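The values are calculated or read from the model by the stated rules, or taken from the named source; none is laboratory data. Bear in mind the structure is a predicted one, so any value in this text is a computation, not a measurement. All Cβ positions, glycine included, derive from the backbone under ideal geometry; neighbour counts span all protein chains shown.
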Amino acid sequence: MAVAADRLALIAESFQRLTGQKLIDSDGDLWTAPRAILAHGTEPDPVFFYGNALALSLFEMTPEQFAQLPSRLSAEPVHRDERARLLDRVTRDGYIDDYAGIRVSATGRRFRIEQAVVWNVIDAEGTIHGQAATFDRWTMLG
């Protein structure tokens, strides 16, 4: 999953701009961060364009597989309405820092994420390029 450096930088920059916090340490990088970081674009049915090593491990996908996944399919069907309401809140408010929900990996393994931050990937001019999420708390289920 070759993601342009400026697009990766925008994930971190928009996080800091919206939350006032750094997404990663100054000497770290998104790929090896000790938290899952993922982002999708602005398509009508948004598709992930980035998942770091931890996110790909949880979702049990290669970078190429993840880059073809509509983000709505990361949640079980029963949880998709909840996810849609969450994304509407993010669009309206810029970010939220209290998301919890069930996700499902490529092999069907379920895991619950907690205290996720979800934000608009937005440039300095205010153009939205997608939405991103990060979390470092999860529980494998069943």
Next item on the list: Sort out which residues of the range 5-18 are surrounded by fewer than 16 Cβ atoms within 10 Å (Cβ to Cβ) and of a type outside the set (A, V, I, L, M), and write them in order of number.
Entry: Asp6, Arg7, Gln16
Item checked: Index of the failed condition, Leu54 passing every other in (1) closer than 20 Å to Leu8 by Cα; (2) crowded, with 19+ Cβ neighbours inside 10 Å; (3) out of contact with any Lys or Arg (no Cβ under 7 Å at 6 or more places or on another chain); (4) of a type outside the set (Val, Ile, Thr) -> (3)
Next item on the list: Check off (1) crowded, with 17+ Cβ neighbours inside 10 Å; (2) modelled with pLDDT of 95 or more for Tyr99 and give me the number that stays unchecked.
Entry: (2)
Item checked: Tally, over the range 70-91, of residues that are surrounded by fewer than 17 Cβ atoms within 10 Å (Cβ to Cβ), at pLDDT 90 or above and either out of contact with any Asp or Glu (no Cβ under 8 Å at 6 or more places or on another chain) or closer than 16 Å to Ala36 by Cβ (or both) -> 1
Item checked: Of all residues making up the range 7-52, the number that are among the polar types (S, T, N, Q) and either touching a residue at least 40 places away in the same chain (Cβ under 8 Å) or under 26 Å from Arg80 (Cβ atoms) (or both) -> 4
Next item on the list: Please indicate, with yes or no, whether at least one residue in the range 111-126 is surrounded by 13 or more Cβ atoms within 10 Å (Cβ to Cβ) and over 25 Å from Glu13 (Cα atoms).
Entry: yes
